[in-house]
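The block underneath contains the structure these notes are about, expressed in structure tokens.
The values are calculated or read from the model by the stated rules, or taken from the named source; none is laboratory data. Predicted, not measured: the structure shown is a model, and the values here were computed from it. All Cβ positions, glycine included, derive from the backbone under ideal geometry; neighbour counts span all protein chains shown.
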Amino acid sequence: MAVAQAKQDTLEARIAGLSFPNEGWQAPARFDALERLGAMGMPGRRDEYWRYTHPSSLTSPEPLPAPVFVDTAETMVFDAIDRLKLVFVDGVFDAEASDDLALSGVEIDLLSQAQSDIHWARDIYGVLEARGQTPVQRPLAALGTAFSTEGVLIRATAKAAKPIALVYVHKSDTSDVILHNCIRVEAGAEVTVLESGPAAARFTKVMEVDVAEGGRFHHIRAQGPDQDRRAATHIFARLAEEALFKSFTLTANGVMTRNEAVLELVGDDCVAHVAGAAVGDGMFHHDDTVFITHEGQRCESRQVFKKVLKNGATGVFQGKILVKPGAQKTDGYQISQSLLLDEDSQFLAKPELEIYADDVKCSHGSTSGAIDDTALFYLRSRGVPLKQAQSLMVLAFLAEAISEIEDEGIAEDIRQRLEDWLASHEH
Amino acid sequence: MLEINNLHVKLEEEDKVILRGVDLKVEAGSVHAIMGPNGSGKSTLSYVLAGRDGYTVTEGSAKLEGAELLEMEPEERAAAGLFLAFQYPVEIPGVGNMTFLRTAMNAQRKARGQDELSAGDFLKLVREKAKALKIDADMMKRPVNVGFSGGEKKRNEILQMAMLEPRMCILDETDSGLDVDAMKLVSDGVNALRDAGRAFLVITHYQRLLDHIHPDVVHIMANGRIVKTGGPELALEVEKNGYADILSEVV
Ligand SMILES: Nc1ncnc2c1ncn2[C@@H]1O[C@H](COP(=O)(O)OP(=O)(O)OP(=O)(O)O)[C@@H](O)[C@H]1O
Ligand SMILES: [Mg+2]
């Protein structure tokens, strides 16, 4: 009882300063989310999926200040990619810096401007999030539905002409931003969404993705490189027959990142991959929490998470595959690995399988290790300096996760980004 | 070229002595062979020269063209012109063979104050050298040594040597695991590199290799020391009679 009360108190304090937008088609969904939130309270340390990650900095009334990271030397990630760019500065849409919201194959709206009573996103907004609240509660996602101030609504009706890039700029040391994006990929359509940037001192974000029959959705995200930012993000996806969903996240730096992905493979023959490459140096806490539900038959899911940790950085992975009765011929793969560059860093992993069908193939593995000394010596014996040899080994370690990106140009951009990061951290 | 004086080495972790006063001098332009029973310390000598961790030098020195190797990092030794073809080449999953070679070449060039090789020039060079060793393009695309057969790994070592053009080449049992044709390819690769400014130290158990790569000097190593030095006829003697006679002679 005392615990529940504490969670309620934390919730009250958290939302006390927020204004509740209750207009237009979103209002009912926001009220429902508020109700869910009231029943759950904020996450607490004793919650099963918050044992390894302390939620307090994500649930406190005010964010801890995060100085804006000035990083002039690097070229920005995805700059080289031909894309439709939408810029948000501390959560506020920046029309000047953005391209027109027009792209062949897709309809794009801003959440704040889509206020009429009727909108296609009504069938998704808060709907997938609500589905994802069982069996594991995700109060920060409900917060994101109830209190989001902005977001993008993307509906792909054909193959999008180019990727849509959401660029989250962080300019205020104390910004506390809540965004909510909805994506609907219609039958046979295809779209790629890129996300980059630190967004805010504290960023709470939900993305709901509904992929219809044979639709294809690609998501590539680069979080960072701010040191002090905090983020709690959620992806909720629902896949119909023969749908494809692929999400990859690169995280470089960040004192606190919690990325949740909740994927429902509802139709038969669909494919869902979620991958992450995280590199942390020092004050770095990175948590990937994934829940994949197989309902349809002959579906494939892959989770590939790699973390490189040094100087006391912490990595967390909690990944679950749930195979429901009747989800025959499921092919589930899960791997989570960490490369610990010193003994001060730690990796905490909790892989779970729960299977209620008899004809399935599921595997999971989790490892933690140091750089292979023999390989390092071999590289050095050929003249590669120690730091460079270590970087090569780190990139090699992350390669399996990066190879989950289908578009070779984007994959190369991510690789370049990582190399830059490694070069700047070679000390 | 290479001058080793009274080199004593023990394992870092335990008090096991492996090299007990190695003396060896290899002149520029020459090929020296080292033979010796299993466990006599041949690979250890090559690792210590290349700078592998895990060994403690308790006495002695090893100089490459007058510069003390034992004080250098492994990559500095490579840049100074030392190359070791490993007895057991290492697999590195995730690092492409091409990336590896190119990184190594450019790192060495940089250390010597030379410009990086352009991607085009590099490709041309690799193709030419790989072809001579019958290493196909597909193998070059794979991660370093991953899934290579024993003989392919050895050929890959020689390819690296041919690309890096070191001045002091140490080959540790490069012949083991090679079929007859591959032995010929590898030997041709080595012979093509022979010149007045370069020297070879070839560790082997068999005369077969020395039929292709004719040594100027043959050393016998036993129990952590060079116990006998002679001409090519010494290898023939080992081939015929084994080590027993030679060892009883020196003890
Ligand atoms: N890291 C180690 N730990 C324990 N013993 C070692 C280590 N390295 C070398 N030795 C020992 O040192 C001795 C010399 O080994 P080394 O590999 O140098 O022999 P070698 O002459 O190359 O033998 P071979 O002809 O079989 O290749 C052996 O007895 C070996 O077991
Ligand atoms: Mg040996």
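All of B:Gly21, B:Gly29, B:Gly54 fail the test of being at pLDDT below 95 and within 10 Å of ligand 1 (Cβ to nearest atom), apart from B:Gly54.
When the stretch B:60-98 is filtered for residues that are within 16 Å of ligand 1 (Cβ to nearest atom) and touching a Lys or Arg at 6+ places or on another chain (Cβ under 7 Å), only B:Pro89 remains. Listed by position, the strands (runs of 3 or more DSSP E) contained in the stretch A:308-427 that have at least 1 residues being within 14 Å of chain B (Cβ to nearest Cβ) are A:331-340, A:361-369.
Restricting the stretch B:67-84 to residues that are in contact with a strand residue (DSSP E or B) (Cβ under 8 Å, 6 or more places away or on another chain) and not hydrophobic (A, V, I, L, M, F, W, C) leaves a set whose member that is surrounded by the most Cβ atoms within 10 Å (Cβ to Cβ) is B:Arg77. The helices (runs of 4 or more DSSP H) found entirely in the stretch B:40-143 that carry 1 or more residues being away from ligand 2 (no atom under 16 Å from the Cβ) and in contact with a Gly (Cβ under 9 Å, 6 or more places away or on another chain) are B:74-79, B:97-111, B:119-132, B:137-141. Here's a check for you: in the stretch B:116-144, which residue that is within 14 Å of chain A (Cβ to nearest Cβ) and over 15 Å from B:Thr103 (Cβ atoms) is surrounded by the fewest Cβ atoms within 10 Å (Cβ to Cβ)? Among those that are within 14 Å of chain A (Cβ to nearest Cβ) and over 15 Å from B:Thr103 (Cβ atoms), it is B:Lys141.
When the criteria are applied in full, A:Ser98 fails the requirement of being modelled with pLDDT under 95, in a loop (DSSP other than H, G, I, E, B) and among the hydroxyl-bearing types (Ser, Thr, Tyr). All of B:Lys228, B:Lys154 fail the test of being surrounded by 21 or more Cβ atoms within 10 Å (Cβ to Cβ) and of a type in the set (Lys, Arg), apart from B:Lys154. A Cβ distance below 8 Å, combined with a sequence gap of six or more or placement on separate chains, defines the contacts here; from the stretch B:34-47, residues that are within 14 Å of chain A (Cβ to nearest Cβ) reach no residue that is within 7 Å of ligand 1 (Cβ to nearest atom) and of a type in the set (Lys, Arg). Residues that are more than 10 Å from chain A (Cβ to nearest Cβ), surrounded by 21 or more Cβ atoms within 10 Å (Cβ to Cβ) and not in a helix (DSSP H, G or I) within the stretch B:157-170 comprise B:Met168, B:Cys169, B:Ile170, listed in sequence order. Being within 14 Å of chain A (Cβ to nearest Cβ), within 16 Å of ligand 1 (Cβ to nearest atom), under 23 Å from A:Thr374 (Cβ atoms) and under 16 Å from the mean Cα position of the chain (by Cα): is that true of B:Glu173 here? Criteria not met by B:Glu173. Residue count for the stretch B:155-182, restricted to those that are more than 26 Å from B:Glu27 (Cβ to Cβ) and either charged (D, E, K, R) or away from ligand 2 (no atom under 16 Å from the Cβ) (or both): 7.
If the condition is being surrounded by fewer than 23 Cβ atoms within 10 Å (Cβ to Cβ) and without any contact (Cβ under 8 Å) to a residue 40 or more places away in the chain, then the stretch A:294-309 contributes A:Glu295, A:Gln297, A:Arg298, A:Glu300.
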